[in-house]
């Protein structure tokens, strides 16, 4: 499947079909004063905005090790990941990253600092990772994780990491740590990975 077809399928999969206000059928058209096709209710005219999702997570560390979780859910069941997930309404990005770390790794973190922002437009997402320190070594995998484990850099399971955003974030992290200075990184993953 071509990148263009994959992008079209991803865009189609996320389209709204019914109005959240009245349940009417949705038409794709530009509303007055807007040059972009939107999901507009054919009955009440309400616009159903389709915006990217924000994924927030942490790079939890203890001394020279990073805490990873092995996924117990699809996609990428059984692969290792940084604890992360979709931000909830009513929370800050840092609060969401700490919550996801608690849910997926049973770990408490502090000293969260924004580290990597990765746009993933082909799946309508933006990922924001924070560096963070584990409060203690009292962690246990949550329902979405098979296990949680601390890894030294030399032991990171690079071939078994779940997503390119995780790989890119960890590469930035270890490169910055080797330099002795942590910056802020922004990247865009414009196309899906090749099969």
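Of all residues assigned to region 43-53, at least one qualifies as being under 30 Å from residue 183 (Cβ atoms) and either surrounded by 11 or more Cβ atoms within 10 Å (Cβ to Cβ) or modelled with pLDDT of 95 or more (or both). Out of the residues in region 86-101 that are free of Cβ contacts under 8 Å to residues at least 40 places away in the same chain and not in a loop (DSSP other than H, G, I, E, B), which is surrounded by the fewest Cβ atoms within 10 Å (Cβ to Cβ)? Restricting to residues being free of Cβ contacts under 8 Å to residues at least 40 places away in the same chain and not in a loop (DSSP other than H, G, I, E, B), the top hit is 86.
Condition (residue is under 14 Å from residue 162 (Cα atoms), part of a strand (DSSP E or B) and over 15 Å from the mean Cα position of the chain (by Cα)) applied to region 107-118: is it met by at least one residue? Looking for residues that are under 14 Å from residue 162 (Cα atoms), part of a strand (DSSP E or B) and over 15 Å from the mean Cα position of the chain (by Cα), one finds none in region 107-118, hence no.
State all residues of region 14-31 that are more than 26 Å from the chain's Cα centre (by Cα) and either modelled with pLDDT under 90 or not in a strand (DSSP E or B) (or both); if no residue qualifies, say none.
The first filter runs over region 14-31 and keeps only residues more than 26 Å from the chain's Cα centre (by Cα), leaving 18-19, 21-31.
Scanning region 14-31 gives 19, 21, 22, 23, 24, 30, 31.
Taking strands (runs of 3 or more DSSP E) as the structural unit, those lying wholly within region 32-83 and holding at least 2 residues that are more than 15 Å from the chain's Cα centre (by Cα) and in the same structural domain as residue 108 (by TED's automatic domain parsing) correspond to 53-62, 65-71. Every condition in (1) over 16 Å from the mean Cα position of the chain (by Cα); (2) in a helix (DSSP H, G or I) holds for residue 122 except the one numbered (1).
Filtered by the rule that a residue be surrounded by 12 or more Cβ atoms within 10 Å (Cβ to Cβ) and more than 18 Å from the chain's Cα centre (by Cα), region 176-195 gives 176, 177, 182.
Taken together, the residues in region 152-169 that are within 16 Å of residue 84 (Cβ to Cβ) and either part of a strand (DSSP E or B) or in contact with a strand residue (DSSP E or B) (Cβ under 7 Å, 6 or more places away or on another chain) (or both) amount to 8. Among residues of region 173-195 that are within 19 Å of residue 82 (Cβ to Cβ), those with a Cβ under 7 angstrom from a residue that is in a loop (DSSP other than H, G, I, E, B) and modelled with pLDDT of 95 or more, sequence gap 6+ or separate chain, pair up as 176/182; 176/183.
The values are calculated or read from the model by the stated rules, or taken from the named source; none is laboratory data. Not measured: the values here are computed from a predicted model. Reconstructed Cβ throughout: ideal geometry from the backbone, glycine too, with neighbour counts over all protein chains shown.
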